[in-house]
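A.B. asks: Before anything else, here's the structure in question.
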Amino acid sequence: MSSARPNLAIVAACVVALAAGVAVFLLRPGAAPDLDDASASVGATPAAANERLPANLKLAELDGRAFSLDDYKGKLLIINFWATWCAPCLHEIPVLVTMQQRYGTKGLQIIGPAVDDIEDARRAAPGLKFNYPVAVGTPEAMLDLMSQLGNEQGGLPFSVVIGADGLVLERQLGEYSEVELAALIEKNLPN
Amino acid sequence: MPPLIRFASLLPLAFALSASALDLSRKPPGGSELLPADQAFQLVSAQRTAEGVRLSWMIAPGYYLYRQRFAAEPADGGAPLAALRLPKGAAKHDEHFGDVEIYTEAVDADLPVARGQTAPTRLKLRWQGCAEAGVCYPPVSRIVDVAAAP
């Protein structure tokens with residue numbers, strides 16, 4: 001009997017402390033809500049088989065000129081959503097500029113819709129030295145477009161890669177590194 | 001060792017182990033899963049105080065809010081409000097934005113109201129943040145009702 005008492009004390013201590021630890025964890029400031037189905041994966045996600053973009057998606061360039069994604073049929077297309085308030089986007093854009101310069105003559109076309117106030121995008125564009133079309137619209141319209149293309153949460157940067165045959169290849173939430181983007185492009189260039 | 005003393009001596013260790021084990025299990029590892037913005041950054045309270053309005057946000061582990069991107073204005077077009085009073089945040093250097101301050105875990109902001117003036121009952125608030133995994137959320141804009149003082 002006497003040897004059972006210390007064991008009982010150990011068990012009781014563990015139970016009380018575990019309960020207290022759980023309570024403190026759940027009630028602490030910044031406690032995370034449960035992950036649910038609304039969460040999205042950071043990184044690349046392969047597209048479904050034979051997936052295509054919605055037809056007839058129209059955009060407007062910085063100077064107001066309208067264009068359609070259908071204008072780029074037959075090219076490897078990367079639609080890269082960005083914004084002036086998004087530091088990872090601003091970090092990724094020089095990589096995209098390099099890719100457009102390196103592979104543009106081989107059938108790559110990048111398009112950069114700005115999820116931003118139009119004037120903010122216009123002010124930032126010269127400094128970012130885009131060598132591909134930047135699309136603008138209201139932030140709400142761009143969020144809606146991004147949702148249509150598979151990003152309902154609106155996180156940036158976000159890219160959709162479409163092969164020359166019009167089939168969606170993959171989506172990327174977060175930055176591409178130069179190495180992984182170059183490999184993806186070289187693997188899928190039409191020329 | 002008497003059982004009661006042994007019980008008491010084990011409490012801190014068991015407490016620390018259980019809390020830290022739970023915490024490790026909930027942190028997004030490198031941010032592979034991304035929460036919706038309203039779960040990453042939750043406005044949990046907007047309440048009148050003796051000095052004005054206190055606003056409180058909770059921030060999920062692995063996410064942060066920019067100090068410079070909070071804003072408050074009258075929801076119904078009333079008189080301009082004083083600037084939000086925000087605590088000093090953690091320093092962060094960004095190659096594009098320069099030196100900025102960020103908040104993690106939680107932040108309280110105070111909206112002061114001059115003596116003799118009535119605190120607003122509805123506010124239009126704006127905030128913006130990112131996940132440490134390298135994804136940023138669009139600015140969130142919400143119209144909120146301010147609760148009466150407790």
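We did not get these values from a lab; they are worked out from the coordinates using the rules stated. Just so it is clear, the structure is predicted and the values come from calculations on it, not from any experiment. Backbone-built Cβ (ideal geometry, glycine too); neighbour counts: all protein chains shown.
A.B. asks: I need A:Arg102, B:Arg54, A:Arg171 ordered by Cβ neighbour count within 10 Å, fewest first.
C.D. replies: Ranked by crowding around the Cβ, least crowded first: A:Arg102, B:Arg54, A:Arg171.
A.B. asks: Taking B:Lys88 as the anchor, which lysines have their alpha carbon closer than 21 Å to its alpha carbon, excluding any fewer than eight residues away along the same chain?
C.D. replies: Once the sequence-local lysines are set aside, nothing remains near B:Lys88.
A.B. asks: Mind checking which lysines have their C-alpha under 17 Å from A:Lys73, skipping anything on the same chain fewer than 8 residues away?
C.D. replies: List returned: A:Lys58, A:Lys106.
A.B. asks: Rank these for me by crowding, B:Phe41, A:Phe81, A:Phe130, A:Phe67, going from fewest to most other beta carbons within 10 Å.
C.D. replies: A:Phe67, A:Phe130, B:Phe41, A:Phe81
A.B. asks: Residue by residue, what Karplus-based ³J(HN,Hα) values in Hz, rounded to whole numbers, does region B:51-63 have, using 6.51, -1.76 and 1.60 with θ = phi - 60° and x for Gly and Pro?
C.D. replies: So the Karplus estimates, Gly and Pro as x, are 9, x, 9, 10, 10, 10, 10, 10, 10, 5, x, x, 10 Hz.
A.B. asks: With a Cα-only, solvent-free Debye model of region A:43-188, what are the log10 I(q)/I(0) values at q = 0.17, 0.18 Å⁻¹?
C.D. replies: Log10 of I(q)/I(0), two decimals: -0.91, -1.04.
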